[in-house]
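Student: Quick one: this structure, given as structure tokens, is what I'll be asking you about.
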Amino acid sequence: MNIGIVVYSHTGNTRLVAGKLKDALAAGGHRVTMGEVTLAEARVQGSRVVKLAPLPTLSGYDALVLGAPVEAFTLSPVMVKALEGAPSLERARVACLVTQGLAYRWLGGNGALRRMRRLCEAKGATVLGGEIVSWAGGGLDGRIARAVETLVQLIASQKA
Ligand SMILES: Cc1cc2nc3c(=O)[nH]c(=O)nc-3n(C[C@H](O)[C@H](O)[C@H](O)COP(=O)(O)O)c2cc1C
């Protein structure tokens, strides 16, 4: 399959998980392209106003993985803006990845995943599912590995 991974990552956590996912998918024989949502201008601290650089390509893939962090108990405004401004995702099959700093999913991860799903569906995408990785506490490597494994299964179990 031809798989796209597009992430926004401010401090590198989401990028790190996405990189491991890319490696796992490539090891499974898939062609994987990774792109990033980036800012055209540095954000003012605390502000949810963002100015984006042109988005990487979101179309033309058999499956698309979107990844972003939780911010203030919901999806990062950078990914919100990217998805609101994205072209149609009609026929796209999307899996979502969210990373968060706090231990419990209800402290942002669930809400962020829900928001990402709704934004993708509003653009016409079919959302296959999603994973949340919390950075809190020990066992991070195991949590990342399990999330990667689940995402690989989610994507690879779908027919191109
Ligand atoms: C402004 C800001 C707000 C955040 N709010 C939350 C939050 O509400 N809940 C949470 O679990 N983590 C929160 N975090 C932590 C990030 O979600 C977490 O560190 C994430 O893994 C960062 O991903 P990145 O390195 O890809 O940017 C926040 C981080 C920042 C910078």
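Read the figures in this text as sums done on the coordinates, not as results from a lab. This is a predicted model, so every value here is computed, not measured. Note: ideal-geometry Cβ built from the backbone for every residue, glycine included; neighbour counts use all protein chains shown.
Student: In the chain, which longest range has no trypsin sites (Lys or Arg not before Pro) that are both DSSP loop (not H, G, I, E or B) and surrounded by at most 15 other Cβ atoms within 10 Å?
Tutor: 92-158
Student: With both bridge residues required to lie in region 2-156, what share of the DSSP beta bridges run antiparallel, to the nearest 5%?
Tutor: So the antiparallel bridges in region 2-156 amount to around 10 percent.
Student: To continue, here is another question. Number of Lys pairs in region 2-156 with C-alpha atoms less than 25 angstrom apart, excluding same-chain neighbours closer than eight positions?
Tutor: Eligible lysine pairs with Cα atoms under 25 Å apart amount to 5.
Student: Name the residues whose placed amide hydrogens come within less than 5 Å of the amide hydrogen of residue 99, ignoring near sequence neighbours (fewer than 5 apart) on the same chain.
Tutor: Distant-sequence amide H within range of residue 99: 68, 70, 133.
Student: Right, another one. Tell me which residues come under 5 Å, amide H to amide H, from residue 7 once H is placed; ignore anything under 5 positions away on its chain.
Tutor: Close amide H contacts, sequence-distant or interchain: 35, 36, 37, 67.
Student: Enumerate the amide H contacts of residue 32 below 5 Å, restricted to partners 5 or more residues apart or on another chain; note that Pro and chain-start residues carry no placed amide H.
Tutor: Here 3 satisfy the definition.
Student: Give the calculated FRET efficiency between residue 156 and residue 43 to the nearest 0.05, with a Förster radius of 35 Å applied to their Cβ-Cβ distance.
Tutor: After rounding to 0.05, the efficiency reads 0.50.
Student: Over all pairs of distinct alpha carbons, what does the Kirkwood formula give as the hydrodynamic radius of region 2-156, in Å?
Tutor: Radius from the Kirkwood sum: 15.3 Å.
Student: Using the count of nearby Cβ atoms within 10 Å as a rough guide to exposure, how do 50, 94 rank from fewest to most?
Tutor: Least to most surrounded, the residues fall as 50, 94.
Student: ³J(HN,Hα) across region 50-61 via Karplus (A = 6.51, B = -1.76, C = 1.60, θ = phi - 60°), whole Hz, x for Gly/Pro?
Tutor: With coefficients 6.51, -1.76 and 1.60, one gets 10, 10, 8, 6, x, 6, x, 5, 10, 10, x, 9 Hz.
Student: Another question, then. Whole-Hz Karplus ³J(HN,Hα) for region 113-129, in order, using 6.51 cos²θ - 1.76 cosθ + 1.60 and θ = phi - 60°, x for Gly and Pro?
Tutor: 5, 4, 5, 5, 4, 5, 5, 5, 5, 5, 8, x, 7, 9, 9, 7, x
Student: Taking other Cβ within 10 Å of each residue's Cβ, how do 76, 134 sort, fewest first?
Tutor: With the sparsest Cβ surroundings first, the list reads 134, 76.
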